[in-house]
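Since the structure comes first, as structure tokens, the remarks are kept for the end.
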């Protein structure tokens, strides 16, 4: 499945970035919410996931996110998520940069995670910027205002027309530019600017490998392509690293 060159490069790497997209979460059963979801078939995500939609009808948008949050709670990290969390312990620097908002990398045990599109389990007040986690406030039950200042509370996710969070983007670029190996996992490579990251890694000398059962817009630029689901490929890759003698190390933070 993996070339000897890839295994050697990875086993000797000091810094590794795993760049993940919707594909790895789909293997856990996370839906895209463009299928049969009852009332939500009447809406397109872009009609709800925007500041304009939120300001026009906060309860409706919060109800949609509450429905998504419920589904995310019911799915579990798959073997691919778990393998990445285990790999993190093998390298001095190992960073997961994800486009997913489902919190599955954290739940699998990954510690160094940069969430480019936010996290559906967090919310914050638009007025006083108080932050909330999922257990503190169940948005979608009619409660859309901050108990501190009565400002509107929104999900901490990136909506259509919004910029990526500045800190997460800067840290992702920094990690990519210093990476020895970049794994591009389950991402279509069509959502920009995030799709630029694997190519940026290659420009800076990283060995870039795509793990995806389907061809993507990034495929032709990769050093190596693995046509397999991440839940199969990543556990096997972890086993190869163990057999190659890669030992657990103190990960730098």
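Condition first: assigned to a helix (DSSP H, G or I) and either touching a strand residue (DSSP E or B) at 6+ places or on another chain (Cβ under 7 Å) or within 19 Å of residue 102 (Cα to Cα) (or both). Now tell me which residues in the range 158-187 satisfy that. Answer for the range 158-187, where residues must be assigned to a helix (DSSP H, G or I) and either touching a strand residue (DSSP E or B) at 6+ places or on another chain (Cβ under 7 Å) or within 19 Å of residue 102 (Cα to Cα) (or both): 168, 169, 171, 172, 175, 176.
Any residue in the range 243-250 that is surrounded by fewer than 16 Cβ atoms within 10 Å (Cβ to Cβ), in contact with a helix residue (DSSP H, G or I) (Cβ under 6 Å, 6 or more places away or on another chain) and under 20 Å from residue 4 (Cβ atoms)?
At the first step, the residues of the range 243-250 found to be surrounded by fewer than 16 Cβ atoms within 10 Å (Cβ to Cβ) are 243-245, 247-250.
Cutting the leftovers down to in contact with a helix residue (DSSP H, G or I) (Cβ under 6 Å, 6 or more places away or on another chain) gives us 244, 248.
Checking the rest, the ones that are also under 20 Å from residue 4 (Cβ atoms) come to 244.
Yes: one or more hits.
Filtered by the rule that a residue be assigned to a strand (DSSP E or B) and either modelled with pLDDT of 90 or more or surrounded by 15 or more Cβ atoms within 10 Å (Cβ to Cβ) (or both), the range 132-144 gives a lone residue, 132. When 30, 97, 71 are checked against the criterion of being under 24 Å from residue 165 (Cα atoms) and modelled with pLDDT under 95, a single residue qualifies: 30. Within the range 188-222, the set of residues being in a loop (DSSP other than H, G, I, E, B) and buried (at least 18 other Cβ atoms within 10 Å of the Cβ) comprises 189, 194, 195, 206, 212, 216, 218, 222. Assess whether residue 121 counts as being more than 19 Å from residue 163 (Cβ to Cβ) and either more than 21 Å from the chain's Cα centre (by Cα) or modelled with pLDDT under 95 (or both). In short, yes. On the given criteria, is residue 53 more than 29 Å from residue 182 (Cβ to Cβ), at pLDDT 90 or above and touching a helix residue (DSSP H, G or I) at 6+ places or on another chain (Cβ under 6 Å)? Yes, satisfied. Restricting attention to the range 118-131, the residues that are over 17 Å from residue 73 (Cα atoms) and crowded, with 19+ Cβ neighbours inside 10 Å total 1. Scanning the range 77-133 for residues that are without any contact (Cβ under 8 Å) to a residue 24 or more places away in the chain and on the phi > 0 side of the Ramachandran plot yields a count of 1.
The values are calculated or read from the model by the stated rules, or taken from the named source; none is laboratory data. Predicted model, so just to flag it, every value in this text is computed and none were measured. Positions of Cβ are backbone-derived with ideal geometry, glycine not excepted, and every protein chain shown enters the neighbour counts.
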